[in-house]
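Below you'll find the structure, written out as structure tokens, and then a few comments.
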Amino acid sequence: MNFKEFADRCREPVYKKICEYIRIKEPVGHYKIMRDYIDRQGKYRRPGLLLLTANMYGATMEEAILPAAAMQLSEDWILMQDDWEDDSELRRGQPAAHRIYGPVHTVNATNTGQMAMWKMLKDYIIQAGLPTGGAVYDKFYQMLEYTVEGQYVENHFIHDIKDLSKADADLYFRIAKGKTCFYTIYGPMQLGALTRGARPADLEKLKEIGEAAGIAFQIVDDILDMTADEKEFGKRTMGDLYEGKMTLIALHAYESATRSEKDRMDDIYRKSRAEKKDTDIAFLKEMVEKYDCIPYARGIAEEYGKTAKAAVEKYAASMPKNEYSEILISAIEEMYTRKK
């Protein structure tokens, strides 16, 4: 079994658990809106990783289902806010929630998701007992706190700085570590391990693996934003360019560009999403192609992917050895070889 197959196996029980906590009831409005992204169902990578490491350390799916459901639900409500902040057009192949229901009702609906998420974690403390449940709760809070910080750093660049000359790879990696490495990879892995009382040394190993895998994941996500089939990717292609996001792709184009090309890129990045024209995006895409930015970014992603895989192999002897530890290797590989 590979990781995709494992995550797909986790989908139904995680989804059902979420629906137990967010039922459509009167007044229907905000419950129905929150259920929209829940019912669309994402790829379930995060709860998949959580349950994978939980199983690897000896927990059953039933014992770890509440943290896994909280993990997926956090993605659903965060994406609703993220799509509104970025004014995204598509999510999971359908119009973004704020474009259907309006920003006021959409943002209000995310409160329903947040409240249910924290209730799941409270119920998990009751189920697992304070030492284990409290450790999972604290790690979850730490993970979301760092994610919100990463989101702020990115939004500050998009909405306030708007200047690639004031950005660099260090800033990009700070955003990636905040929004992707912790939240998407090693946070879920640590949470799964904590359901069986993993030691701090175990958590550090998972962080080393997940941080490298997370950077690879984010770079691949940036590449797919420009190259993937829109229907398969579930989001509008070139969305990062329309939104004015800083990526390694855009940074490499800017660093390689002539002075006049830099000036035009600066003019485009100063515009809001609504102000950008298709000709602006076409020019940015031309710069990316001219300076071979996709191969450049792909090479960096592959190096981080190899680093993550090497870390898995390095710690293999000191981590639980079972069928789930084998799936973990395919999970790490999937982060930087995925096509959607």
- Message: So in the range 301-340, with the set limited to residues that are touching a residue at least 60 places away in the same chain (Cβ under 8 Å) and outside any helix (DSSP H, G or I), which one is farthest from Lys177 (Cα to Cα)?
- Response: Asn322
- From the option list Val28, Val14, single residue qualifying as at pLDDT below 95 and aliphatic (A, V, I, L, M) is Val28
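If you take the residues in the range 315-333 that are aliphatic (A, V, I, L, M) and surrounded by 14 or more Cβ atoms within 10 Å (Cβ to Cβ), which one is farthest from Met56 (Cα to Cα)?
Looking only at the range 315-333, we keep the residues that are aliphatic (A, V, I, L, M), and these are 316-317, 319, 327-329, 331-332.
In the following step, the residues that additionally are surrounded by 14 or more Cβ atoms within 10 Å (Cβ to Cβ) were identified as 316, 319, 327-329, 331-332.
Values: Ala316: 12, Met319: 9, Ile327: 9, Leu328: 9, Ile329: 12, Ala331: 13, Ile332: 15 Å.
For the range 315-333, the residue satisfying everything is Ile332.
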- Message: Quick check on Tyr37: is it touching a residue at least 60 places away in the same chain (Cβ under 8 Å), closer than 17 Å to Gln114 by Cβ, buried (at least 22 other Cβ atoms within 10 Å of the Cβ) and aromatic (Phe, Trp, Tyr)?
- Response: yes
- When every residue in the range 236-270 that is in contact with a helix residue (DSSP H, G or I) (Cβ under 7 Å, 6 or more places away or on another chain), of a type outside the set (S, T, N, Q) and not in a helix (DSSP H, G or I) is compared, the one farthest from Phe217 (Cα to Cα) is Ala257
- Message: Tell me the residue from Tyr296, Tyr291, Tyr254, Tyr269 that is of a type in the set (Phe, Trp, Tyr), without any contact (Cβ under 8 Å) to a residue 60 or more places away in the chain and either over 30 Å from Lys205 (Cα atoms) or out of contact with any His (no Cβ under 8 Å at 6 or more places or on another chain) (or both), please.
- Response: Tyr291
- Some residue of the range 34-56 being among the aromatic types (Phe, Trp, Tyr), modelled with pLDDT of 95 or more and touching a Ser or Thr at 6+ places or on another chain (Cβ under 7 Å): no
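Condition first: part of a helix (DSSP H, G or I), of a type outside the set (A, V, I, L, M) and surrounded by fewer than 17 Cβ atoms within 10 Å (Cβ to Cβ). Now tell me which residues in the range 86-113 satisfy that. Give the derivation first.
At the first step, the residues of the range 86-113 found to be part of a helix (DSSP H, G or I) are 86, 97-101, 103-113.
Next cut, of a type outside the set (A, V, I, L, M) only: 86, 98-99, 101, 103, 105-106, 108, 110-113.
The answer is Pro103, His105, Asn108, Asn111.
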- Tally of residues being surrounded by fewer than 20 Cβ atoms within 10 Å (Cβ to Cβ) and in a helix (DSSP H, G or I) across the range 12-29: 10
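The values are calculated or read from the model by the stated rules, or taken from the named source; none is laboratory data. Quick caveat: nothing in here was measured; it's all calculated off a predicted structure. Please note: Cβ atoms are built from the backbone with ideal geometry, for glycine as well, and neighbour counts cover all protein chains shown.
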